[in-house]
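The values are calculated or read from the model by the stated rules, or taken from the named source; none is laboratory data. Not measured: the values here are computed from a predicted model. For neighbour counting, all protein chains shown are included, and Cβ atoms are generated from backbone atoms with ideal geometry for every residue, glycine included.
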Amino acid sequence: MFIISLTYKVPTSVVDQHLPAHVEFLREQYAKGSFIASGRKVPRTGGVILSNISSKQEVEKIVAQDPFNQNGVANYDIIEFIPTMTSPQLDFLKE
């Protein structure tokens with residue numbers, strides 16, 4: 001599992017110009033089963049995506065397709081982790 005942490009490198013007014021394309025990208029990845037949760041950071045300095053992809057190389061390929069990445073809107077920090085404890089509702093995340 002991966003946490004993908006996005007940090008904006010441009011003002012939010014520029015981020016908002018690319019937001020519709022980014023949201024469409026997210027929808028496509030949810031439909032493919034690549035992402036399981038996403039949302040904005042508070043304060044709005046970027047976002048976070050949870051991915052159940054098993055390979056960091058695959059995550060990097062997917063992130064390269066994000067319009068935010070392609071348009072220089074955000075930096076990406078990809079963190080791999082192995083869930084060992086979860087609430088009962090999230091047991092499916094344990095390896």
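What single numbered condition from (1) assigned to a helix (DSSP H, G or I); (2) closer than 27 Å to S13 by Cβ; (3) in contact (Cβ under 8 Å) with a residue 24 or more places away in the chain; (4) not small (G, A, S) fails to hold for I49?
Among (1) assigned to a helix (DSSP H, G or I); (2) closer than 27 Å to S13 by Cβ; (3) in contact (Cβ under 8 Å) with a residue 24 or more places away in the chain; (4) not small (G, A, S), I49 violates only (1).
Does A64 count as small (G, A, S), in contact with a helix residue (DSSP H, G or I) (Cβ under 9 Å, 6 or more places away or on another chain) and exposed (fewer than 13 other Cβ atoms within 10 Å of the Cβ)?
yes
D91 passes all but one of (1) at pLDDT below 95; (2) of a type in the set (D, E, K, R); (3) in a loop (DSSP other than H, G, I, E, B); which number fails?
(3)
Which of the numbered conditions does F35 fail, given that it passes all the others? Conditions: (1) of a type in the set (A, V, I, L, M, F, W, C); (2) surrounded by fewer than 16 Cβ atoms within 10 Å (Cβ to Cβ); (3) within 11 Å of I4 (Cα to Cα); (4) without any contact (Cβ under 8 Å) to a residue 60 or more places away in the chain.
(2)
Could you list all residues from region 71-95 that are free of Cβ contacts under 8 Å to residues at least 60 places away in the same chain and surrounded by 14 or more Cβ atoms within 10 Å (Cβ to Cβ)?
N71
If I79 passes every condition in (1) in a strand (DSSP E or B); (2) within 25 Å of Q17 (Cβ to Cβ) but one, which one does it miss?
Of everything listed in (1) in a strand (DSSP E or B); (2) within 25 Å of Q17 (Cβ to Cβ), I79 misses just condition (2).
Checking T45 against (1) within 19 Å of N75 (Cβ to Cβ); (2) surrounded by fewer than 12 Cβ atoms within 10 Å (Cβ to Cβ), only one condition comes out false. Which one?
Result: T45 fails condition (2) only.
Being among the β-branched types (V, I, T) and part of a strand (DSSP E or B) is the filter; apply it to region 1-32 and report the residue that is surrounded by the most Cβ atoms within 10 Å (Cβ to Cβ).
I4
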